[in-house]
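Note sheet for the following structure.
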Amino acid sequence: MTRTLSDHCPPSFDPDDPRRLAALRSYAILDTPPEPEFDDIAQMAAQACDAPMAHVNFIDTDRQWIKAAVGHDAREMPLHFGFCTQALAEDGILVLPNLKQVPELASNILVAGPPHLRFYAGVPLLTPDGWAIGTLCVLDREPRTLTAQQEFILEALARTVMAQLESRRSAAALRAREAELRLVADAMPVLIGLIDRSFTYRFANAAYQTWMGRAPESVVGHTLSEVLGEDEFEARRPQMKRALAGEEVRIEMNWACPNGQVRIADIRYMPRFAADGSVDGFYVFVHDVSDRKRVEDLLQTRASRLEAQVAFQTRDRDRIWTLSPVLKVVAAPDGRIESVNPSWTRALGWSEGQTVGQAFLSFVAPEDQDALSDILSRLAATQPVDDTELSFVTRDGSTRRILWTIVPEDGLLYGFGRDITEQRQAEEALRQSQKLEAIGQLTGGVAHDFNNLLTIIRSSVEFLRRPDLAEERRRRYLSAVSDTVDRAAKLTSQLLAFARRQALQPEVFEVSERLRTISDMLDSVTGARIQVITDLPREHCYVRSDASQFETALVNIAVNARDAMDGEGKLTLRLDAGAPMPPIRGHAGAPGPFVAVSVTDTGTGIPQTDLARIFEPFFTTKEVGKGTGLGLSQVIGFAKQSGGDVGVSSTEGEGTVFTLYLPQVKPAVEETVAGSDDVVAGEDAGLRVLVVEDNLEVGRFCTQILEDLGHHPIWAENAEAALARLQEGAEHFDAVFSDVVMPGIGGIELARQLRASHPNLPMVLTSGYSHVLAQDDGHGFDLLRKPYSAEELARMLRRAVTGSGQRRGSVPI
């Protein structure tokens with residue numbers, strides 16, 4: 001929701017709040033070098049809002065630090081220089097159309113002096129916990145405002161900034177965890193290496209320095225023959241080939257260390273299995289068992305020394321077990337847990353006492369239990385398994401996503417888990433933002449194509465009604481209708497509603513009368529076992545809205561109610577007039593007056609966890625094939641575009657109430673127009689019309705209609721061609737009839753140019769859809785909406801020519 005400083009006094013904002021500063025610093029973003037991801041977002045914000053300047057900035061205790069900027073240098077500045085602290089105090093987008101007219105900002109150094117800013121719009125950057133840490137804003141040196149679509153894009157880009165920050169933080173945490181694992185491996189006295197099928201080292205830990213006198217970085221990337229020497233490599237090649245064949249190989253030998261000491265080495269070659277079950281390499285583990293051998297030989301006389309050695313190794317192992325951030329689980333082959341490390345408790349909340357002895361399966365969320373059962377079965381059959389992502393239930397009832405590696409060894413199962421919950425949440429947020437943007441773009445394209453087709457159908461049908469139509473032309477119109485209907489059947493109209501981009505056709509109508517009509521219609525929609533009740537006031541109340549979309553919205557709500565009641569129950573329509581609109585989903589209310597239409601059912605209700613998502617496009621709780629997730633998206637799209645909103649309250653097991661709020665208006669005044677606008681072929685005929693249409697079929701059909709009406713059309717396939725034709729002689733035309741959506745120069749821009757260069761030349765626009773028309777119907781020009789009839793076209797041209805003052809003289813085209 002757009003906020004301006006003139007709307008209210010903004011709440012106080014404390015930049016020194018330690019909790020906010022802690023949230024900011026957790027992202028480690030301050031004073032970092034430029035990054036393309038943030039530069040691209042700033043560039044997209046500037047382009048989408050048609051603004052010369054934009055930046056992504058973060059608010060520290062005493063400064064405003066700019067991470068990415070367009071139109072000016074990225075730098076830091078004192079807090080009082082900018083306007084972003086005001087934006088951080090808002091719960092939505094802050095738009096300041098003219099900074100010079102805001103008393104408390106007119107003296108700001110950036111307003112009074114260079115760069116002489118006049119316009120500002122900023123969206124707070126909010127953490128998942130609700131802390132405002134910065135803004136995404138656009139600026140201009142001229143007073144202006146933003147369209148609803150530009151506000152939507154700016155808010156979506158702000159969420160993308162936060163998704164990028166969450167992704168960076170998750171990646172940093174992953175790198176830290178990997179570094180900790182490397183530290184653990186380097187701290188172990190065991191030599192550990194990974195060798196691929198070409199006998200090339202891919203990993204080596206720090207123990208290589210002790211065992212071979214070589215740093216691990218000097219080993220990785222080299223072959224075994226280069227590291228061990230050709231003779232030693234050939235001596236061990238047979239055992240290594242067995243490991244590459246899938247066999248675990250164990251040998252014992254004397255090992256000459258660089259310090260001259262000879263150790264007894266226990267060497268293991270363990271095959272590493274790829275995702276497809278093939279062996280892509282093998283691990284090398286070299287243990288120093290010299291002490292163990294000596295202890296075995298001198299067990300009776302040196303027992304105390306052996307016990308001390310074992311105790312030291314045990315403490316070292318226990319320290320690694322305790323401090324590791326990886327969740328570790330030791331389980332029996334049947335999945336019964338025998339031991340867990342502290343990271344298990346830190347991540348899931350279950351203590352060791354609550355875990356040991358329980359089935360590993362009992363901690364997994366129900367939807368993933370079959371997957372774990374399959375893993376345990378494959379391990380029991382000695383089959384390799386891939387790393388698996390599973391949902392685990394925590395002690396407080398929530399779930400965490402854990403990526404598990406489960407390895408069988410010595411009759412036990414060893415599980416190593418990494419918590420990736422935050423990473424998945426950040427990925428889902430980014431995907432949702434991208435999906436919403438893609439849906440909006442698809443909606444406009446579908447509507448434009450669909451209305452082009454309807455224009456051909458409607459005009460053809462009206463000519464077919466004429467009794468004197470020649471047979472050859474009748475066949476032509478019938479073929480056009482048949483072909484166009486086939487193509488139109490593949491498109492859908494509902495996409496425009498939930499994307500909130502349809503150009504509504506508002507009219508003033510009486511709500512009670514409309515609800516009585518809808519109530520009769522709902523009897524057939526809901527079925528005989530659902531009782532439909534209407535509770536309407538005696539006095540009349542009116543709204544100005546799209547009546548068709550109003551009916552569609554109520555039908556969509558009723559269909560959801562029918563499914564929630566499983567086809568049996570009571571559905572109540574209630575109308576209240578003159579009511580204020582309360583705050584809804586964190587958005588401020590409005591005093592009104594509003595008309596409130598409530599739809600109450602006696603169904604199963606909506607779970608609180610789903611209540612916040614029911615208006616999202618494609619979200620549905622119905623089974624596959626029984627719901628698209630678009631119905632309620634159409635409802636809220638229609639309500640928002642009509643200046644209202646939709647409230648919902650629900651109690652599980654008792655039912656749900658949807659309340660549609662629309663601005664209440666006074667009844668429309670009926671105007672009587674003398675005469676008739678009916679137009680037939682030959683009346684006001686002979687107009688010379690320049691038709692501008694990029695669609696080949698529509699252009700041909702439009703010129704045919706005009707010819708059948710007795711006019712003289714000339715067709716230009718784009719605005720550039722039309723301007724060139726008019727430059728040759730605008731006096732040859734009585735009117736220009738142009739589509740709005742065209743490549744290159746659009747219809748509205750063409751009309752503006754002609755208004756400046758040929759103010760007496762009548763201009764009529766036509767369109768089935770345009771994002772520009774969705775915000776401003778016609779932009780001050782006569783607009784004929786597709787699909788249109790031949791009579792409507794003739795009437796609009798006659799009105800435009802008559803309104804221009806006089807018809808032009810007879811000049812041949």
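The values are calculated or read from the model by the stated rules, or taken from the named source; none is laboratory data. Worth saying up front: this structure is predicted, and the values here are computed from it rather than measured. Heads up, the Cβs are rebuilt from the backbone with ideal geometry, glycines too, and the neighbour counts pull from every protein chain shown.
One residue stands out among those in the stretch 264-286 that are under 24 Å from Asp297 (Cβ atoms) and of a type in the set (A, V, I, L, M): the one that is surrounded by the most Cβ atoms within 10 Å (Cβ to Cβ), which is Val286. Candidates Ile195, Ile133: the one that is under 30 Å from Leu30 (Cα atoms) and not in a helix (DSSP H, G or I) is Ile133. Candidates Thr61, Thr145: the one that is surrounded by fewer than 17 Cβ atoms within 10 Å (Cβ to Cβ) and at pLDDT 90 or above is Thr145. Among the numbered conditions (1) in contact (Cβ under 8 Å) with a residue 60 or more places away in the chain; (2) loosely packed, with under 15 Cβ neighbours inside 10 Å, the only one that Met581 does not meet is (2). Identify all residues within the stretch 341-372 that are of a type in the set (Val, Ile, Thr) and over 18 Å from Thr421 (Cβ atoms); write none if there are none. Within the stretch 341-372, Thr355, Val356 meet the criteria. Residue pairs, Cβ under 6 Å, 6 or more apart or interchain, first in the stretch 714-733 and under 13 Å from Leu750 (Cα atoms), second in a helix (DSSP H, G or I) and not hydrophobic (A, V, I, L, M, F, W, C). List them. From the stretch 714-733, the pairs are Ala716/Arg725.
Which of the residues spanning the stretch 53-85 are of a type in the set (S, T, N, Q) and touching a Lys or Arg at 6+ places or on another chain (Cβ under 9 Å)?
As a first pass, look at the stretch 53-85 and keep what is of a type in the set (S, T, N, Q): 57, 61, 64, 85.
Asn57, the sole residue that qualifies.
Out of everything in the stretch 31-82 that is of a type in the set (A, V, I, L, M, F, W, C) and assigned to a loop (DSSP other than H, G, I, E, B), what residue ends up being farthest from the chain's Cα centre (by Cα)? If we take residues in the stretch 31-82 being of a type in the set (A, V, I, L, M, F, W, C) and assigned to a loop (DSSP other than H, G, I, E, B), then Ala74 is farthest from the chain's Cα centre (by Cα). Do we find that Phe152 is among the aromatic types (Phe, Trp, Tyr) and either at pLDDT 90 or above or surrounded by fewer than 16 Cβ atoms within 10 Å (Cβ to Cβ) (or both) in this structure? Against the criterion (among the aromatic types (Phe, Trp, Tyr) and either at pLDDT 90 or above or surrounded by fewer than 16 Cβ atoms within 10 Å (Cβ to Cβ) (or both)), Phe152 qualifies. The set of residues in the stretch 698-754 being among the charged types (D, E, K, R) and over 41 Å from the mean Cα position of the chain (by Cα) consists of Glu707, Asp708, Arg725, Glu728, Glu731, Asp734.
Take the conditions (1) outside the structural domain of Thr223 (by TED's automatic domain parsing); (2) touching a residue at least 24 places away in the same chain (Cβ under 8 Å); (3) out of contact with any helix residue (DSSP H, G or I) (no Cβ under 9 Å at 6 or more places or on another chain); Pro114 misses just one of them, which is (2).
Go through Arg202, Arg242 for me and flag whichever is over 48 Å from the mean Cα position of the chain (by Cα), surrounded by 12 or more Cβ atoms within 10 Å (Cβ to Cβ) and on the phi < 0 side of the Ramachandran plot.
Details: Arg202 fails: over 48 Å from the mean Cα position of the chain (by Cα).
Sole residue among the options that is over 48 Å from the mean Cα position of the chain (by Cα), surrounded by 12 or more Cβ atoms within 10 Å (Cβ to Cβ) and on the phi < 0 side of the Ramachandran plot: Arg242.
Matching residues to (1) outside the structural domain of Ala274 (by TED's automatic domain parsing); (2) among the hydrophobic types (A, V, I, L, M, F, W, C); (3) without any contact (Cβ under 8 Å) to a residue 40 or more places away in the chain:
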position	(1), (2), (3)
Pro333	yes, no, no
Ala381	yes, yes, yes
Glu389	yes, no, yes
Gly397	yes, no, yes
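Across the stretch 518-530, the qualifying residues are those that are polar (S, T, N, Q) and surrounded by 12 or more Cβ atoms within 10 Å (Cβ to Cβ), and the one among them that is nearest to the chain's Cα centre (by Cα) is Thr526.
Within the stretch 554-581, the set of residues being within 22 Å of Gly637 (Cβ to Cβ) and of a type in the set (D, E, K, R) comprises Arg562, Asp563. All conditions but one from (1) surrounded by 20 or more Cβ atoms within 10 Å (Cβ to Cβ); (2) aliphatic (A, V, I, L, M); (3) within 29 Å of Ala173 (Cβ to Cβ) apply to Leu21; the one that does not is (1). When we screen Ile614, Ile606 for residues that are under 20 Å from Ser633 (Cβ atoms), crowded, with 16+ Cβ neighbours inside 10 Å and out of contact with any helix residue (DSSP H, G or I) (no Cβ under 7 Å at 6 or more places or on another chain), the only hit is Ile606. If we scan the stretch 322-330, do we find a residue that is modelled with pLDDT under 90, over 34 Å from the mean Cα position of the chain (by Cα), closer than 22 Å to Arg177 by Cβ and exposed (fewer than 15 other Cβ atoms within 10 Å of the Cβ)? Yes.
What about Ile153, is it out of contact with any Ser or Thr (no Cβ under 7 Å at 6 or more places or on another chain), β-branched (Val, Ile, Thr) and part of a strand (DSSP E or B)? Walk me through it before giving the result.
Numbers: out of contact with any Ser or Thr (no Cβ under 7 Å at 6 or more places or on another chain): yes; β-branched (Val, Ile, Thr): yes; part of a strand (DSSP E or B): no.
Against the criterion (out of contact with any Ser or Thr (no Cβ under 7 Å at 6 or more places or on another chain), β-branched (Val, Ile, Thr) and part of a strand (DSSP E or B)), Ile153 does not qualify.
Elements of the type strands (runs of 3 or more DSSP E) sitting completely within the stretch 679-758 and holding at least 2 residues that are loosely packed, with under 15 Cβ neighbours inside 10 Å: there are none.
Take the conditions (1) under 20 Å from Val161 (Cβ atoms); (2) at pLDDT below 90; (3) not small (Gly, Ala, Ser); Pro103 misses just one of them, which is (1).
Results for (1) at pLDDT below 85; (2) under 25 Å from the mean Cα position of the chain (by Cα); (3) not hydroxyl-bearing (Ser, Thr, Tyr), shown as yes or no for each residue.
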| residue | (1), (2), (3) |
| --- | --- |
| Val532 | no, no, yes |
| Ser548 | yes, no, no |
| Ala596 | no, no, yes |
| Gly603 | no, no, yes |
| Pro617 | yes, yes, yes |
| Lys622 | yes, yes, yes |
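Which residue pairs have Cβ atoms under 6 Å apart, sit 6 or more places apart or on different chains, and have a first residue in the stretch 203-220 that is in contact (Cβ under 8 Å) with a residue 12 or more places away in the chain and in the same structural domain as Val284 (by TED's automatic domain parsing) and a second that is among the aromatic types (Phe, Trp, Tyr) and not in a loop (DSSP other than H, G, I, E, B)? What qualifies is Arg214/Tyr208; Pro216/Tyr208; Val219/Tyr201; Val219/Tyr208; Val220/Tyr201.
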